[in-house]
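Data first, discussion second: the structure below is written as structure tokens.
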Amino acid sequence: MKVAVIGYGYWGPNLVRNFSWLDGIAILSGGVTVRNLKITGFSGAGDAGVFIAGAGGEVLLKSCDIQGNANGIIVESPTDDATIQGNQIHNNSENGIIIEACSPMIRRNEMANNTYGISVSCSFGSASPTIRNNLISGASTITGIMASNSGTGTVMNPTIYHNTIADGVDYGIYLQHAAAASQTNPTIRYNII
């Protein structure tokens, strides 16, 4: 089964927080396309504009304006066939995108003024996302791309290509390998920091 939620673009329908919701859109299955929506106001601690988890097939999140949330997008295991592409992700108080123990494609997004642009973590399983051709900027952005491997027996191999990271306060790309029995082998090339 395939489901598509398609708005009229940045000026079209808005998905604004209803106080009983934690996340703007929760995608818990594959075969889903979300495109051309403005998603805002999901600002409680840990809330997200878009939450993707357990998707067993293709998920496409494209051309959305995701702003004013705690986290813009959270993608969790076992979601490996998700594409986050061409979105405006800005002014979220915590992270633009969180990737936890999965391997989505993150490409051609513009992120500004999120505390962290893209956070990849691997406390269990594996995380090998492809992060390419993104623009991450803003004076309130502490770290453009952060990757942290903290689990025992985990594998984290992000591919980080052709990104532009500007105006960050502390780090453009920050890697942390905290667990002795884990494996971290990032591929980082052709970025402008």
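The values are calculated or read from the model by the stated rules, or taken from the named source; none is laboratory data. None of the values given here were measured: they were computed from a predicted structure. A quick note on method: Cβ atoms are made from the backbone with ideal geometry, for glycine too, and the neighbour counts reach across all protein chains shown. All accessible areas refer to the heavy atoms of the entire protein, side chains included, with ligands and DNA or RNA removed. Shrake-Rupley method; radii C 1.70, N 1.55, O 1.52, S 1.80 Å.
Among (1) of a type in the set (Val, Ile, Thr); (2) farther than 22 Å from Glu76 by Cβ; (3) open to solvent by 40 Å² or more (accessible area, probe 1.4 Å), which single condition is Thr152 missing?
In the conditions (1) of a type in the set (Val, Ile, Thr); (2) farther than 22 Å from Glu76 by Cβ; (3) open to solvent by 40 Å² or more (accessible area, probe 1.4 Å), Thr152 misses (2) alone.
Open to solvent by less than 10 Å² (accessible area, probe 1.4 Å) and either small (Gly, Ala, Ser) or over 14 Å from the mean Cα position of the chain (by Cα) (or both), is that true of Thr164? Please lay out each step first, then the result.
On the way: open to solvent by less than 10 Å² (accessible area, probe 1.4 Å): no; either small (Gly, Ala, Ser) or over 14 Å from the mean Cα position of the chain (by Cα) (or both): yes.
Against the criterion (open to solvent by less than 10 Å² (accessible area, probe 1.4 Å) and either small (Gly, Ala, Ser) or over 14 Å from the mean Cα position of the chain (by Cα) (or both)), Thr164 does not qualify.
Does at least one position in the range 170-192 carry a residue that is over 18 Å from the mean Cα position of the chain (by Cα), under 18 Å from Gly117 (Cα atoms) and in contact (Cβ under 8 Å) with a residue 40 or more places away in the chain?
No: zero hits.
Counting only residues that are among the small types (Gly, Ala, Ser) and either open to solvent by less than 60 Å² (accessible area, probe 1.4 Å) or in contact with a Lys or Arg (Cβ under 7 Å, 6 or more places away or on another chain) (or both), give me the strands (runs of 3 or more DSSP E) lying completely in the range 92-145 with at least 3 of them. Break it down stepwise before answering.
Details: elements: 95-100, 105-107, 110-112, 116-122, 130-132, 135-137.
Strands (runs of 3 or more DSSP E) meeting the threshold: 116-122.
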